[in-house]
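Novice: Dropping the structure in here first, questions after.
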Amino acid sequence: MGILHLNRAVYDAIRAHGEETWPHECCGVLLGRFSPANASTTDAAGKELGGWQVQAAVRAGNTRTDSAHNRYQIAPVELVKIERDARRQGLDIAGFYHSHPDHPAQWSATDFAEAHWLGCSYVITAVAQGKATVTNSFLLAGATEEDKRFDQETILVEDQPGTPDPT
């Protein structure tokens, strides 16, 4: 199981975005750096905690006008701009986030079919009646489009870099 490291501000911003766009899906891009597991990144039990270190969540417009309540799409031109801005900052696209208005924070068949960024995290927040509830993350694993799969990831929320939130 992988680890997705989010600082408290990014985690809260993702959830707030979902609340603001309810009853429609929000969407955005996660920017950060990949950190392999090593002895310098361990939890209290000594387990190595590699994975994406997310430093920013960039809001994107949901271009789905036909079913924005249960689908999202980021315009390619907007995604290219976000990726260029990230590279200027020395960051990579670590993944994507979106909300599920009045549905569980689990990936759908559509989420899976439209996920193509192998090695990236896909964060989903359930928003029930306008209030963010559960937030989950899934790593798009596999070597090719044909053998891709979603693996559950642990979200480690940190109040300060390297300091896991006890909650």
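The values are calculated or read from the model by the stated rules, or taken from the named source; none is laboratory data. The structure displayed is predicted, hence computed values, not measured ones. Reconstructed Cβ throughout: ideal geometry from the backbone, glycine too, with neighbour counts over all protein chains shown.
Novice: Pairs needed: first member in segment 108-119, surrounded by 14 or more Cβ atoms within 10 Å (Cβ to Cβ); second member anywhere, not hydroxyl-bearing (Ser, Thr, Tyr) and not in a loop (DSSP other than H, G, I, E, B); C-beta distance under 6 Å; at least 6 residues apart or different chains.
Specialist: Short answer, once both residue conditions are applied: 115/140; 118/140.
Novice: Output the residues belonging to segment 81-102 that are in a helix (DSSP H, G or I) and within 17 Å of residue 6 (Cα to Cα).
Specialist: If the condition is that a residue be in a helix (DSSP H, G or I) and within 17 Å of residue 6 (Cα to Cα), then 86 is the only one that fits.
Novice: Restricted to segment 19-58, and to residues that are within 30 Å of residue 131 (Cβ to Cβ) and part of a loop (DSSP other than H, G, I, E, B), which residue is modelled with the lowest pLDDT?
Specialist: Per the criteria, the residue is 43.
Novice: Further, regarding this structure: When you look at residue 3, is it modelled with pLDDT of 95 or more, within 22 Å of residue 126 (Cα to Cα) and crowded, with 21+ Cβ neighbours inside 10 Å, yes or no?
Specialist: no
Novice: When you go through (1) more than 17 Å from residue 15 (Cβ to Cβ); (2) in contact with a His (Cβ under 8 Å, 6 or more places away or on another chain); (3) surrounded by 14 or more Cβ atoms within 10 Å (Cβ to Cβ) one by one for residue 123, which number turns out not to apply?
Specialist: Going through (1) more than 17 Å from residue 15 (Cβ to Cβ); (2) in contact with a His (Cβ under 8 Å, 6 or more places away or on another chain); (3) surrounded by 14 or more Cβ atoms within 10 Å (Cβ to Cβ) one by one, residue 123 breaks only (1).
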